[in-house]
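Asks: Here it is, the structure, as structure tokens.
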Amino acid sequence: MKSYKLVVFVPAEAGPALRSALFAAGAGAQGAYRECAWWVEGTGQFRPLPGAQPALGQVGAVEQVREWRLELLLEEKVLAAVLQALHRHHPYEEPAYDLFERLDPRPWRGS
């Protein structure tokens, strides 16, 4: 079965709620462990263009925001639910995220 790593950038104050929503959708599972995640805080920057409806900042102005880079693992069977939860619970109009397909780790563990 395919598995993925989701990396998403989210305002720090919205990080815990988004993380919980992604866990509820099935992300954060690794073997016999659940609710696994990694995050680090940094600064994100963006400039909303005309036509945007930014959750933070103003159209035309550069905005810098304290954000989390949040990483979680997920299996293919929950991919659609996790992406739906991401878009439903993320405060940004267009959340920035990456989705990476993972290699099967079993050959490296000798199983």
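Read-outs throughout are calculated quantities, based only on the coordinates presented, and are distinct from any laboratory measurement. Worth saying up front: this structure is predicted, and the values here are computed from it rather than measured. Note: ideal-geometry Cβ built from the backbone for every residue, glycine included; neighbour counts use all protein chains shown.
Asks: Quick check on the chain: helices-only [θ] at 222 nm, where DSSP H runs of length 4 and up contribute -39,500 (n - 2.57) each and the sum goes over total residues. Nearest 500, please.
Replies: The helix contribution divided over the chain gives -6000 deg cm²/dmol.
Asks: Kindly state, to the nearest 0.05, the FRET efficiency for residue 5 paired with residue 63, given R0 = 35 Å and r defined as their beta-carbon distance. Please list the in-between numbers first.
Replies: Values: r = 27 Å, r/R0 = 0.78.
Once rounded, the FRET efficiency stands at 0.80.
Asks: Now a separate question. Over the chain, what relative contact order in percent results from Cα pairs under 8 Å that are six or more residues apart?
Replies: Relative contact order for the chain comes out at 45 percent.
Asks: Still on this structure: What is the spin-label model distance, in nm, from residue 43 to residue 94 if the labels are put 7 Å beyond Cα along the C-beta direction?
Replies: So the two model labels end up 2.3 nm from each other.
Asks: Given a Förster distance of 25 angstrom, what is the FRET efficiency for residue 36 paired with residue 80, based on the Cβ-Cβ distance and rounded to 0.05?
Replies: E(calc), rounded to 0.05, equals 0.80.
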